[in-house]
Structures are given as C-alpha cells and as structure tokens.
C-alpha cells in the first residue's frame with residue numbers, strides 16, 4: 001500500500017468517488033484492524049466490518065494533519081474504539097477474557113503488531129483452505145499455482161486482461177463454474193491473447209478469477225494488478 005498524501009485525504013473527505021477509492025485501497029488495513037480488535041478474522045459480511053469501514057471514512061473526514069499523528073495511527077485508533085464500543089453494546093466476549101478485561105490489563109490492540117500478524121496469517125490460512133476447495137473442482141491444486149503464475153510483466157498483463165474480461169461477462173463465469181473449464185477460444189479472440197499463453201497460465205487465470213469473485217481479501221492483496229484491471233471501466 002503506497003503512502004497516502006495529505007492531498008488524497010482532503011480530496012476523499014470532499015468527494016464520494018475519491019472516498020470509495022481510498023477505502024478500497026485501505027480495505028486490508030480496515031479488515032486487519034477490525035480483526036485484531038475482535039481477536040478473530042473479520043470479513044465483509046460481518047457487522048464489525050461495516051462499523052470499521054464507517055470509522056475509516058470518519059477518520060478521513062476528521063483527520064487533522066497538524067495534530068502530529070499519522071493518518072494510519074489516527075484511523076486505526078478510531079476503528080478500534082468504534083469496534084470496541086460495538087462489542088460492548090453487543091456484550092460479546094472474545095476468548096476467555098472480555099474486551100474490558102483486556103483494556104483494564106493495559107492491552108492496546110491498536111499497537112499489537114504481533115497479534116495483527118498472527119491474525120493475518122490465520123486469515124491467510126483460512127482463505128487458502130477455502131480457495132483450495134474451490135479450485136479443486138477445476139483440477140487445480142494450490143501448490144501448483146507458483147509454477148502456473150506468470151513471470152514476466154507482459155504475461156501478467158495478458159492474464160489480468162483475461163480475468164477482467166471474464167468478470168465482465170456473467171454468462172462466461174456461469175459456464176466456467178458449471179463446466180469447470182476456461183473458455184480459451186473466446187479469450188483468445190476477444191482479448192487477442194495467444195492460445196499458448198492461456199494454456200500455460202490456465203490455472204492462474206481460473207484461480208485469480210475465483211479470488212476476485214469470492215471473499216479472499218488477504219489473497220487479493222497479492223493480486224492487486226488483477227483486481228485493478230477488473231475494476232477498470234469497460235471500453
């Protein structure tokens with residue numbers, strides 16, 4: 001995640017489109033902070049994610065660059081406080097200690113780097129397990145993906161183009177999931193991608209498509225170029 005500028009924060013505070021783009025850029029940060037606070041992995045389907053997202057947007061609008069605190073630190077604190085308030089209201093307890101117990105013992109979730117790293121690792125393991133089940137239907141094993149991944153920039157761009165085309169055509173997605181095959185002929189013709197490239201990187205393209213379609217925020221972080229291509233407006 002590239003360092004944010006004051007200009008970007010100010011623009012997002014004024015424009016909804018810029019706010020949406022910034023929130024998407026910080027999506028993993030939001031999930032990590034909410035997960036660390038809850039002591040469990042949070043997905044976009046959880047109430048805590050919606051609360052954390054609103055807190056992040058409020059942080060953008062309220063951030064004062066002259067206060068001497070980085071935006072990330074301020075946003076993390078605001079998200080943590082909002083989520084903790086929510087957990088208190090819901091009377092939820094995490095593990096053998098409550099949020100109140102942790103706070104009374106001087107535990108500061110926002111600064112718990114080790115916990116965040118553990119949460120991310122746990123989330124990644126959970127995502128890999130789910131994704132492995134999904135791609136197994138295509139005859140793909142997760143440990144095959146490093147070999148199937150494109151090594152050169154031009155090939156990565158071609159694969160991203162193929163994934164983006166797939167995601168913009170629900171009928172193709174339905175066919176792919178129903179028959180468990182990649183429509184190489186269509187991608188070859190519509191995207192002008194060599195057949196050999198599609199064949200060599202079929203497993204990667206299928207997996208990347210499923211990652212973009214599913215709830216895999218940690219894995220998606222490693223496919224930013226794919227996600228960015230998929231979100232570009234159709235010509």
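Laboratory data are not the source of any read-out in this text; all were calculated from the coordinates shown. All figures in this text were calculated on a predicted structure; none of them were measured in a lab. Reconstructed Cβ throughout: ideal geometry from the backbone, glycine too, with neighbour counts over all protein chains shown.
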Quick one: compute the contact order of region 1-84, relative version, from alpha carbon pairs under 8 angstrom and 6+ residues apart, as a percent.
-> 31 percent
The FRET efficiency for residue 21 and residue 46, from their Cβ-Cβ distance with R0 = 30 Å and rounded to 0.05, is 0.85
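Only Cα pairs under 8 Å and at least 6 apart count here; give the relative contact order of region 128-231 as a rounded whole percent. Please list the in-between numbers first.
Values: 91 pairs, mean separation 38.7, N = 104.
Dividing the mean separation by the residue count of region 128-231 yields 37 percent.
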Taking the Cβ of each residue in 169, 215 as the centre, tally the other Cβ atoms inside 10 Å and list the residues starting with the fewest.
-> 215, 169
Checking rank on 23-30, 40-47, with mean other Cβ inside 10 Å and highest first, the result is 23-30, 40-47
Whole-Å distance, taken between Cα centres, linking region 1-68 and region 161-215 | 32 Å
